[in-house]
Amino acid sequence: MVDLKGDIMRQIVSSGSPLESAIGFSRAVRAGPFVAVAGTAPIAIDGGVACPGDVYGQTKRCLEIAAQAIRETGCDLEDVIRTRVMLTDIGTWREAARAHGELFSGVKPACTFVEVSRFIDPAWLVEIELDCVAT
């Protein structure tokens with residue numbers, strides 16, 4: 001953690017994506033009790049696209065990556081206060097919502113589903129952002 005100003009500390013978390021250094025971003029940033037997780041795509045462990053053509057499977061993978069990032073900041077799923085689910089086809093929102101609900105049914109963060117025209121990789125059907133407050 002790096003001291004920003006006074007006693008507010010900043011911690012960055014990397015997921016190892018080559019896009020992080022190319023774009024200049026972190027998977028997650030913690031500043032004091034606040035954690036923001038960047039738009040998280042369905043990247044498979046081998047670096048390819050997880051679950052091609054499957055919104056539910058891609059959503060689960062996005063959530064796995066984001067959950068790992070927040071754990072690295074010392075937070076957990078119970079600390080998530082907001083999620084943003086971005087889909088290339090809003091008609092598939094129920095599939096994404098099923099994966100979201102499996103993880104967050106007990107937490108119930110504020111949640112928004114939006115349609116976007118596309119992502120960096122056209123095979124990505126969903127990206128997810130999370131915000132947390134450490135308790």
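The values are calculated or read from the model by the stated rules, or taken from the named source; none is laboratory data. As the structure is a computational prediction, the values presented were derived from the model and not from experiment. Every residue, glycine as well, gets a Cβ built from its backbone with ideal geometry; the counts of neighbours run over all protein chains shown. These area figures cover heavy atoms from the full protein model, side chains too; ligands, DNA and RNA do not enter into them. Shrake-Rupley method; radii C 1.70, N 1.55, O 1.52, S 1.80 Å.
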task = Output the residues belonging to the stretch 71-85 that are more than 22 Å from V55 (Cβ to Cβ) and crowded, with 18+ Cβ neighbours inside 10 Å.
result = T73, C75, D79
task = Check whether at least one residue in the stretch 72-84 is modelled with pLDDT of 95 or more, within 22 Å of P122 (Cβ to Cβ) and not β-branched (V, I, T), and report yes or no.
result = yes
message = Of everything in the stretch 18-70, what is closer than 19 Å to S105 by Cα and open to solvent by less than 60 Å² (accessible area, probe 1.4 Å)? Give them in sequence order.
response = V55, Y56, G57, Q58, T59, R61, C62, L63, I65, A66, A67, I70
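Residue-wise test of (1) of a type outside the set (K, R); (2) in contact with a strand residue (DSSP E or B) (Cβ under 6 Å, 6 or more places away or on another chain); (3) touching a residue at least 60 places away in the same chain (Cβ under 8 Å).
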residue: R10; (1), (2), (3): no, yes, no
residue: V13; (1), (2), (3): yes, yes, yes
residue: S21; (1), (2), (3): yes, no, no
residue: R27; (1), (2), (3): no, yes, no
residue: R30; (1), (2), (3): no, yes, yes
residue: V35; (1), (2), (3): yes, yes, yes
residue: A38; (1), (2), (3): yes, no, yes
residue: I43; (1), (2), (3): yes, no, no
ask   = If a residue has to be open to solvent by less than 70 Å² (accessible area, probe 1.4 Å) and not in a helix (DSSP H, G or I) to count, how many in the stretch 86-97 make the cut?
value = 3
task = Examine the stretch 21-44 for a residue that is modelled with pLDDT of 95 or more, in a helix (DSSP H, G or I) and not charged (D, E, K, R), and state whether such a residue exists.
result = no
request  = Please find, among G53, G47, G106, the residue that is part of a loop (DSSP other than H, G, I, E, B) and modelled with pLDDT under 95.
outcome  = G47
task = May I ask you to verify whether E129 is closer than 25 Å to M9 by Cβ and either touching a strand residue (DSSP E or B) at 6+ places or on another chain (Cβ under 8 Å) or open to solvent by 20 Å² or more (accessible area, probe 1.4 Å) (or both)?
result = yes
note = Within the stretch 98-121, the residues that are among the small types (G, A, S), open to solvent by 50 Å² or more (accessible area, probe 1.4 Å) and closer than 19 Å to P42 by Cβ are S117
message = Condition first: open to solvent by 70 Å² or more (accessible area, probe 1.4 Å) and either within 15 Å of the chain's Cα centre (by Cα) or at pLDDT 75 or above (or both). Now tell me which residues in the stretch 1-13 satisfy that.
response = I8, R10, I12
